[in-house]
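**Student:** Starting off with a structure, shown below.
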Amino acid sequence: MSTYQTEEEQVEALKKWWKENGKWAIGGIVLGLAVVGGGKGWMEYQRVQAENASANYEGFAQAARGNDLDAAIQRGEALMKEYPGSTYALFTALDLARLQVEAGDKDKARTRLQWVMDNASDEAIGKLAKVRLARLLLDMDKLDEASTLASNPAEDSWMGEFLSIQAEVKLTRGDREGARSDFAKALEKGVSNPTLVRMKLMELGG
């Protein structure tokens, strides 16, 4: 499903950031909590929680890489339940959504993406889930819902993605001129797959 996978590069970038900086981020959080709350017990608890979440995520990722959907779902849901506020849980839900789209269970994937939106404290991860959900709704022919999610995007690095979704909605509804305009704006603002957007714009005479 090409409309769903155009954000894969952004997910990989986020994962790389977490792999490179996650330990330092956790260390900073733990240190801050220790200073405010005091006590070595709380600091040790946070360290153990972070290590457990990391180990559980590795188990989930291994099942996902092995295309063992049942095991991935079981391990992923356990991680999300046990560590709902962690970045690992957010990445797990994003990966589960992808796996379940590939398996044809789009309704469940929709639920996963909504969960990320509802639980993400990191704006970038929340926006990524929103873009993915809008594209999934578009693929499910739920144009009104997709349009609502993509409407009024903030003037930030995600604006182009939301504009491209608006263009897709308009194109599906037969508004070729509106789609052409939004595709052109999306390219100006920047999208994760400019080649695809440029091809669609050319097809519309852009």
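**Student:** So how do 165-174, 90-99 stack up, highest first, on mean other-Cβ count within 10 Å?
**Tutor:** Sorting 165-174, 90-99 by mean packing, highest first, produces 90-99, 165-174.
**Student:** Place +1 on the Cβ of every Lys and Arg and -1 on the Cβ of every Asp and Glu in region 141-206, take the dipole about the Cα centre, and give the residue among Leu201, Leu187, Met159 whose Cα lies farthest towards its positive end.
**Tutor:** Leu201
**Student:** Which listed residue (Leu133, Ala109, Phe60) has the Cα farthest towards the positive end of the charge dipole for region 57-168, taking +1 on Lys and Arg C-beta and -1 on Asp and Glu C-beta about the Cα centre?
**Tutor:** It is Phe60.
**Student:** If neighbour count is taken as other Cβ atoms inside 10 Å, put Asp105, Asp122 in order from fewest to most.
**Tutor:** Asp122, Asp105
**Student:** With N set to the number of residues, divide the alpha-carbon radius of gyration of region 141-206 by 2.2 N^0.38 Å and report two decimals.
**Tutor:** Against the compact-globule rule of thumb, the ratio is 1.00.
**Student:** Given +1 on the Cβ of Lys and Arg, -1 on the Cβ of Asp and Glu, and no further charges, what dipole in debye does region 141-206 carry about its Cα centre, rounded to the nearest 20?
**Tutor:** Roughly 240 debye, rounded to the nearest 20.
**Student:** Another one. On average over all directions, what projected area in square nanometres does region 58-162 have, based on the convex hull of its Cα atoms? Show your work: numbers first, answer last.
**Tutor:** Details: hull surface 26.3 nm².
Convex hull of Cα atoms, orientation-averaged projection: 6.6 nm².
None of the figures in this text is laboratory data; all of them are computed from the coordinates on show. Keep in mind it's a predicted model, so treat the numbers as computed, not measured. All Cβ positions, even for glycine, are placed from backbone atoms using ideal geometry, and neighbour counts span all protein chains on display.
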